[in-house]
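> First the structure, which I've put down as structure tokens, then a few questions once you've had a look.
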Amino acid sequence: MIINQWVPAAHRGDAIGDSARRVRDLLRTMGHVSAIYALTIDDDLRSDVRPFTDPEARRGDLTIFHFALPSPMTQAFASLTGARVLQYHNITPAAFFAPYDPALFRLAALGRRELATLAGRVDLALGDSEFNRQELAALGFARTGVMPIAVDTERITSAPRRPALERILGDGLINILFVGRIVPNKKIEDHIRLAEVYKRYVDSHYRFIFVGRYDGVPRYHAQIRSLIADFKMLPDRFWFTGPVPDDDLAAFYRWADAYVSLSEHEGFCVPLVESMAADVPVLAYAAGAVPETLGGAGVLFAPKDLEVAAELLGSLVYDRGVRERVLDGQRQRVRDFAPDAIHTRLRNALAAFGVH
């Protein structure tokens, strides 16, 4: 059987594209012909991902469309004659962007509107979390299920050492890590407020590290920088690295004393899985799909009381018994995202079409 996947953009390090490539490889091991097609492709992926203009893109017996933003793929997908599977990766609600970027506000609003046009026009709609599946059901998709992102944890656990970077990270400060885009739903301003409380009541030997693009919403990033200045905090205690290669990302995980998520909207949150794989204890605000992704592991808190969060963070960093109990739970949970588990879920999803 020919099983194609469509992704609007193929970028190295992007969770959706990386997941699609892992799924493609699994499909090939199952004996299927499988390829990925994208509208835009990074130069170093052109030998691995095909352009959407290729006529073969529309000739799959079954096509999996990874939806995360509006694109010309949506209408083309709805008109395919083969079986159609939607994989929904969530769209951040437009309201988060309203104070900062009208263009992103419009893009998010259009994305949700475009997603709704596919209701009744697909054979199966999968969310990569139950949180996302419920959104699909609310939009009128009749046949729904859950298929988690296939996270490539080996790029973190098997990466080579980065001695120069690790010498800096090992300077004695406590490294508090966040990985992801610096965008409003991630609530990075709450990380800065948490740092102020943590410094006041727990420990002044800290460093908050933010790994990911910070140029997507410039006004938001500027607001965060202003908050650091308003608190009169040491600027060198807050690193905004921008995108980094996988080997550097692995080093940041390797030297992290804790991972913190204060996001208020997540459809899955890949860095939580990466943190568990890297043996980094997780402290997370219980919003969106975060509790589901952690599956009882890590440390969740709600409501968002940052004094409570600072105390919990201090326990994760300094209380050896608490830390080990949390890490033990995370080690068990991360097995649910191992390749064998993803393979089983993929087989189960395809079985609905008589595919084995």
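> Among what's in segment 21-42 and is hydrophobic (A, V, I, L, M, F, W, C) and more than 15 Å from Leu350 (Cα to Cα), pick the residue that is surrounded by the most Cβ atoms within 10 Å (Cβ to Cβ).
So, considering only residues that are hydrophobic (A, V, I, L, M, F, W, C) and more than 15 Å from Leu350 (Cα to Cα), the one surrounded by the most Cβ atoms within 10 Å (Cβ to Cβ) is Ala38.
> Please verify whether segment 237-252 includes one or more residues that are under 22 Å from Glu311 (Cβ atoms), surrounded by fewer than 18 Cβ atoms within 10 Å (Cβ to Cβ) and not assigned by TED's automatic domain parsing to the domain that holds Gly13.
Scanning segment 237-252 turns up at least one residue that is under 22 Å from Glu311 (Cβ atoms), surrounded by fewer than 18 Cβ atoms within 10 Å (Cβ to Cβ) and not assigned by TED's automatic domain parsing to the domain that holds Gly13.
> Give the number of residues within segment 174-191 that are crowded, with 20+ Cβ neighbours inside 10 Å, closer than 21 Å to Phe252 by Cβ and not charged (D, E, K, R).
The number of residues fulfilling the criteria is 9.
> If you don't mind, another one. Checking Tyr214 against (1) touching a residue at least 60 places away in the same chain (Cβ under 8 Å); (2) assigned to a loop (DSSP other than H, G, I, E, B), which test does it fail?
Result: Tyr214 fails condition (1) only.
> Let me ask another. What is the one condition in (1) assigned to a loop (DSSP other than H, G, I, E, B); (2) touching a helix residue (DSSP H, G or I) at 6+ places or on another chain (Cβ under 6 Å) that Gly120 does not satisfy?
Gly120 satisfies all of (1) assigned to a loop (DSSP other than H, G, I, E, B); (2) touching a helix residue (DSSP H, G or I) at 6+ places or on another chain (Cβ under 6 Å) except (2).
> Quick test for you: out of Tyr220, Tyr198, pick the one residue that is among the aromatic types (Phe, Trp, Tyr), buried (at least 16 other Cβ atoms within 10 Å of the Cβ) and closer than 16 Å to Val317 by Cβ.
Result: Tyr198 is the single residue among Tyr220, Tyr198 that is among the aromatic types (Phe, Trp, Tyr), buried (at least 16 other Cβ atoms within 10 Å of the Cβ) and closer than 16 Å to Val317 by Cβ.
> Also: Among the listed residues Pro235, Pro271, identify the single one that is within 16 Å of the chain's Cα centre (by Cα) and of a type outside the set (Ser, Thr, Tyr).
After applying the criteria, what remains is Pro271.
> Can you give me the ranges of the helices (runs of 4 or more DSSP H) entirely in segment 262-356 with at least 3 residues that are basic (Lys, Arg), at pLDDT 95 or above and out of contact with any Leu (no Cβ under 9 Å at 6 or more places or on another chain)?
Here the list reads 320-333.
> Identify, from the list Gly314, Gly321, the residue that is assigned by TED's automatic domain parsing to the domain that holds Arg181, surrounded by fewer than 21 Cβ atoms within 10 Å (Cβ to Cβ) and touching an Asp or Glu at 6+ places or on another chain (Cβ under 8 Å).
Gly314
> Name the pairs: first residue in segment 118-134 and under 15 Å from Val290 (Cα atoms), second residue of a type in the set (D, E, K, R) and surrounded by fewer than 21 Cβ atoms within 10 Å (Cβ to Cβ), Cβ to Cβ under 9 Å, at least 6 apart or on different chains?
Matching pairs, first to second residue: Gly127/Arg133; Gly127/Glu135; Ser129/Glu292; Glu130/Glu292; Phe131/Glu292.
> A further question on this structure: Take the residues of segment 171-199 that are more than 16 Å from the chain's Cα centre (by Cα) and assigned to a strand (DSSP E or B): which is farthest from Met276 (Cα to Cα)?
Among them, the one singled out is Ile174.
> Determine which member of the set Asp279, Asp336, Asp328 is surrounded by fewer than 17 Cβ atoms within 10 Å (Cβ to Cβ) and in contact with a Gly (Cβ under 8 Å, 6 or more places away or on another chain).
Sole residue among the options that is surrounded by fewer than 17 Cβ atoms within 10 Å (Cβ to Cβ) and in contact with a Gly (Cβ under 8 Å, 6 or more places away or on another chain): Asp336.
> On to the next question. Every residue in segment 228-255 that is among the basic types (Lys, Arg) and touching a Pro at 6+ places or on another chain (Cβ under 8 Å), please.
Those that are among the basic types (Lys, Arg) and touching a Pro at 6+ places or on another chain (Cβ under 8 Å): none in segment 228-255.
> Within segment 30-52, can you find the residues that are in contact (Cβ under 8 Å) with a residue 12 or more places away in the chain, more than 16 Å from Ile64 (Cβ to Cβ) and of a type outside the set (Asp, Glu)?
Selection gives Thr40, Ile41, Leu45, Pro51.
> Can you confirm whether segment 84-100 contains a residue that is closer than 22 Å to Ala351 by Cα, more than 22 Å from the chain's Cα centre (by Cα) and modelled with pLDDT of 95 or more?
Yes, segment 84-100 contains a residue that is closer than 22 Å to Ala351 by Cα, more than 22 Å from the chain's Cα centre (by Cα) and modelled with pLDDT of 95 or more.
The values are calculated or read from the model by the stated rules, or taken from the named source; none is laboratory data. Quick caveat, the model's predicted, so the values are computed rather than measured. Counting neighbours? That spans all protein chains shown, and the Cβs are built from the backbone with ideal geometry, glycine included.
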